[in-house]
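Trainee: Below: one structure in structure tokens.
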Amino acid sequence: MTTLSTRARSSAALVLAGVLWGTGGLAGSLLGQLAGLHPLAVAAYRLLVGGGVATLFVLLKGGGLPRTAEAAKRLLAVGALFALFQASYFAAVALSSVSIATMTTIGAAPVVVTLAVVRRPHRWTVLSLAGTLAGLVLLRWSPDEPAHLVGGLGFALLAAAGFAALTLLTAKPVDGLDPLSTTAFGCLTGGLLLTPVASWTGMALPLHADVLAAACYLGAVPTALAYAAYLRGLATAHPVLGALSAVLEPLTATVLSAALFGERLGVTAWCGAAVLVAALLIGYWRPEPR
């Protein structure tokens with residue numbers, strides 16, 4: 001019963017993270033449009049605001065900066081991976097398209113994690129991975145989009161490798177660091193690493209209510225809260241399951257786009273959504289032994 005309860009809590013945390021990430025793309029696009037920011041600047045603000053919100057919460061709870069060398073090394077590595085993942089993803093978007101970059105990044109990450117940690121994947125894991133890839137292709141497929149943009153695909157694969165490395169690294173706990181502290185100081189570190197590059201593109205933020213609201217939401221909800229939930233779920237879940245939960249991001253974004261902006265989903269996209277849900281259910285209820 002205890003094992004089932006632990007699995008349920010970790011699964012719920014991973015699902016929450018994936019759904020919240022799905023709102024991040026819309027919030028980031030809105031912030032970029034309202035403030036006229038380059039995607040790299042949006043990524044930097046996302047990490048800086050998210051890290052600031054989470055750090056404030058850590059301090060209010062009575063926490064503090066990490067005091068051990070091991071914890072400091074972990075946070076530096078997490079911050080660097082945050083910066084690598086965000087920068088590579090937005091470079092992929094610029095060179096290809098949002099659909100291609102998202103599909104490649106999110107689709108490749110579970111495969112990279114599986115190859116890294118599982119010598120002989122369980123048949124249910126293989127089935128879940130195959131369903132995930134098929135569902136993403138169906139969900140994001142558009143015959144009008146060029147799929148031969150090597151540069152965009154290359155950066156998307158680099159982003160997938162960064163996300164996979166972040167998943168594998170944070171799955172191993174470090175004394176003195178809980179998921180919230182890792183999120184807080186890791187995001188701040190990543191944002192600071194991205195800021196020098198992003199500043200070349202311009203980071204002036206208009207002090208308008210709608211701009212500030214979009215920036216606060218992007219940092220607080222799909223960044224601070226989502227990554228804290230994700231790292232909390234990884235503490236007791238298999239890393240493969242954690243990477244699989246990320247596919248809820250494009251699924252949520254697609255459904256929200258249809259609901260809020262009237263974008264019509266074809267039969268192929270709805271079939272992809274159904275396949276994705278089925279693949280995730282297999283991954284959650286038949287997880288790879290940790």
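The values are calculated or read from the model by the stated rules, or taken from the named source; none is laboratory data. Everything quoted here is computed from the prediction, not taken from an experiment. All Cβ positions, even for glycine, are placed from backbone atoms using ideal geometry, and neighbour counts span all protein chains on display.
Trainee: Tell me, yes or no, whether the range 42-62 has at least one residue that is more than 21 Å from the chain's Cα centre (by Cα), more than 23 Å from Gly176 (Cβ to Cβ) and either among the polar types (S, T, N, Q) or modelled with pLDDT of 90 or more (or both).
Mentor: No, the range 42-62 contains no residue that is more than 21 Å from the chain's Cα centre (by Cα), more than 23 Å from Gly176 (Cβ to Cβ) and either among the polar types (S, T, N, Q) or modelled with pLDDT of 90 or more (or both).
Trainee: Quick test of your reading of the structure: Phe85 fulfils all but one of (1) within 19 Å of Leu192 (Cβ to Cβ); (2) surrounded by fewer than 16 Cβ atoms within 10 Å (Cβ to Cβ). Name the failing condition by number.
Mentor: (2) is the only condition that Phe85 fails.
Trainee: Taking Ala184, is it closer than 15 Å to Ala44 by Cα and either outside any helix (DSSP H, G or I) or small (Gly, Ala, Ser) (or both)?
Mentor: Judged against the criteria, Ala184 is a match.
Trainee: Sticking with this one: Only one of (1) more than 28 Å from Ala214 (Cβ to Cβ); (2) among the aliphatic types (A, V, I, L, M); (3) free of Cβ contacts under 8 Å to residues at least 24 places away in the same chain fails for Ala77. Which number is that?
Mentor: It is condition (3) that Ala77 fails.
Trainee: Return the residues of the range 191-211 that are under 20 Å from Val53 (Cα atoms), surrounded by 13 or more Cβ atoms within 10 Å (Cβ to Cβ) and in contact with a Leu (Cβ under 8 Å, 6 or more places away or on another chain); say none if nothing qualifies.
Mentor: Gly191, Leu192, Leu194, Thr195, Met203, Leu205, Val211
Trainee: Report, by residue number, each residue of the range 79-113 that is under 16 Å from Ala44 (Cα atoms), under 13 Å from the mean Cα position of the chain (by Cα) and either of a type in the set (Gly, Ala, Ser) or at pLDDT 90 or above (or both).
Mentor: The answer is Leu81, Phe82, Ala83, Leu84, Ala87, Ser88.
Trainee: Within the range 193-218, work out how many residues are outside any loop (DSSP other than H, G, I, E, B) and under 12 Å from Leu34 (Cα atoms).
Mentor: Of the residues in that region, 7 qualify.
Trainee: Is it the case that Thr167 is in contact with a helix residue (DSSP H, G or I) (Cβ under 8 Å, 6 or more places away or on another chain), more than 20 Å from Leu20 (Cα to Cα), touching a residue at least 40 places away in the same chain (Cβ under 8 Å) and hydroxyl-bearing (Ser, Thr, Tyr)?
Mentor: Spelling it out, it is not the case that Thr167 is in contact with a helix residue (DSSP H, G or I) (Cβ under 8 Å, 6 or more places away or on another chain), more than 20 Å from Leu20 (Cα to Cα), touching a residue at least 40 places away in the same chain (Cβ under 8 Å) and hydroxyl-bearing (Ser, Thr, Tyr).
Trainee: Residue check: is Ser181 of a type in the set (Gly, Ala, Ser), out of contact with any Phe, Trp or Tyr (no Cβ under 6 Å at 6 or more places or on another chain) and under 30 Å from Thr68 (Cα atoms)?
Mentor: For Ser181, the condition - of a type in the set (Gly, Ala, Ser), out of contact with any Phe, Trp or Tyr (no Cβ under 6 Å at 6 or more places or on another chain) and under 30 Å from Thr68 (Cα atoms) - is met.
Trainee: Could you check, for the range 220-234, whether at least one of its residues is at pLDDT 90 or above, farther than 21 Å from Ile106 by Cα and in a helix (DSSP H, G or I)?
Mentor: Scanning the range 220-234 turns up at least one residue that is at pLDDT 90 or above, farther than 21 Å from Ile106 by Cα and in a helix (DSSP H, G or I).
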